[in-house]
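So the structure is just underneath, and the comments pick up after that.
The values are calculated or read from the model by the stated rules, or taken from the named source; none is laboratory data. Since the structure is predicted, the reported quantities are computational estimates derived from the model, not experimental observations. Quick reminder, even Gly has a Cβ in these numbers, built from the backbone with ideal geometry, and neighbours come from all protein chains shown. Areas reflect the complete protein model, heavy atoms only, side chains present, ligands, DNA and RNA absent. Shrake-Rupley method; radii C 1.70, N 1.55, O 1.52, S 1.80 Å.
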Amino acid sequence: MPEKTPETILNVNDNEAARYATSRILHRAGFKVLEAGTGGEALQIVRQDLPPLVIMDINLPDINGVEVCRQLKSDPATASTMVLQMSATNIAVADRVNSLAAGADSFLVQPVEPEELEAVSRALLRLHRSEAALRRALAERELLLKEVNHRVKNSLQLVLSMLSLQGHRFKEPETRELFTKAISRVTAIAAIHERLYQDQDPLTVEMHTYLTGLCAELVRASGMEENAQASLQIEVEEMRLPTEHGVAVALVVNELVMNALKYAQPANGQAAIKVRLVRYNTGQVRLTVSDNGAAAEQSSEVAGLGTQLIRMLARQLNGTVSVERAAGTYAVHVAFPLQSAVSWRPSS
């Protein structure tokens, strides 16, 4: 079997005798040891050689060991380096707390027995290896999620192309309208996966950007904006929703905006459509799509596929649907609990 490469430890101490004693213990334990006598030298060696563990005295002549630790832990390139701080003078509880608060992974009071120093060093190196393995696994998962979203998006684009080709063969207005709605629904889902593929967080959807783009595309596809027949006002608070909730909200908006574009045609004036997604009460979100169209005509579609789909999606959100009708206005509200999104943190 090939000989195992010894793990590297940086020993930082301005006292030559103490530094020699610590390095000797580490050498005997089988480690490769680098040495530094100042905080500045320690920072330079860590950034250049990236040792997995730094054993560092607190009292250094240029930069305090606590500050060196803080700088290492705040730099993404060196944040994974384990830091073991030691001191024979700064041994009060407040000193140890300050070291740990600055990012130190452990603290030993000198003098320390060789067996304890070796044991703590090995424990910190095991932790470093475990964290490195976890970062690799997260990076692989991130790549996999992006690839899945990319492939789903491409598959949905293929479905859209087939639906579009098939839809051109139908002459009946009702059938063509059904195909147009189907294409719009698939487009809404495909857009989600397009954004997930490009986003740093493939587990959640940033709703403001997504719904703004979705609504703009719906108005553009309807052709009403070019003729100044409709205006669309969007009010979406900054929030990220879990992907499955983002898809459900997007499909609800798709159905309601399409319905509004069809019916929000007042006799005098321009159709005014509003999309609103805001927090209210505690831990609740309300989606509202309203317009100034004919409420009576819109209510005749209650039994339609679109309304059934909206109610089904509201159940997926653990939410409720309510309709508000007044003179010259029509609004649909979907209220649902805001679930905490599991944020994705790409590996450094």
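Filtering segment 301-348 to residues that are at pLDDT below 90, in contact with a Leu (Cβ under 7 Å, 6 or more places away or on another chain) and either within 30 Å of Ala137 (Cα to Cα) or part of a strand (DSSP E or B) (or both) leaves Ala341, Val342, Trp344, Ser347. Contact map, segment 33-62: first residue in contact (Cβ under 8 Å) with a residue 60 or more places away in the chain, second residue open to solvent by 30 Å² or more (accessible area, probe 1.4 Å) and of a type in the set (Gly, Ala, Ser), Cβ cut-off under 9 Å, separation 6 or more or different chains; pairs are Pro52/Ser80. Checked against (1) aliphatic (A, V, I, L, M); (2) modelled with pLDDT of 75 or more; (3) out of contact with any Ser or Thr (no Cβ under 7 Å at 6 or more places or on another chain), Val205 passes all but condition (3).
Let's see how each residue does on (1) modelled with pLDDT of 65 or more; (2) surrounded by fewer than 15 Cβ atoms within 10 Å (Cβ to Cβ); (3) touching a strand residue (DSSP E or B) at 6+ places or on another chain (Cβ under 9 Å):
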{"site": "Thr180", "(1), (2), (3)": "yes, no, no"}
{"site": "Ile183", "(1), (2), (3)": "yes, no, no"}
{"site": "Ala190", "(1), (2), (3)": "yes, no, no"}
{"site": "Asp199", "(1), (2), (3)": "no, no, yes"}
{"site": "Leu211", "(1), (2), (3)": "yes, no, yes"}
{"site": "Glu217", "(1), (2), (3)": "yes, no, no"}
{"site": "Arg220", "(1), (2), (3)": "yes, yes, no"}
{"site": "Glu225", "(1), (2), (3)": "no, no, yes"}
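Residue pairs whose Cβ atoms lie under 6 Å apart, sitting 6 or more positions apart in sequence or on different chains, and linking a residue in segment 96-107 that is within 14 Å of Asp57 (Cβ to Cβ) and of a type in the set (A, V, I, L, M, F, W, C) to a partner that is open to solvent by less than 20 Å² (accessible area, probe 1.4 Å) and not in a helix (DSSP H, G or I), are Ala104/Val83; Ala104/Gln85; Phe107/Gln85. Those helices (runs of 4 or more DSSP H) of segment 59-170 in which at least 1 residues are of a type in the set (D, E, K, R) and either farther than 17 Å from Val46 by Cα or modelled with pLDDT under 90 (or both), considering only elements entirely within it, cover 93-101, 114-167.
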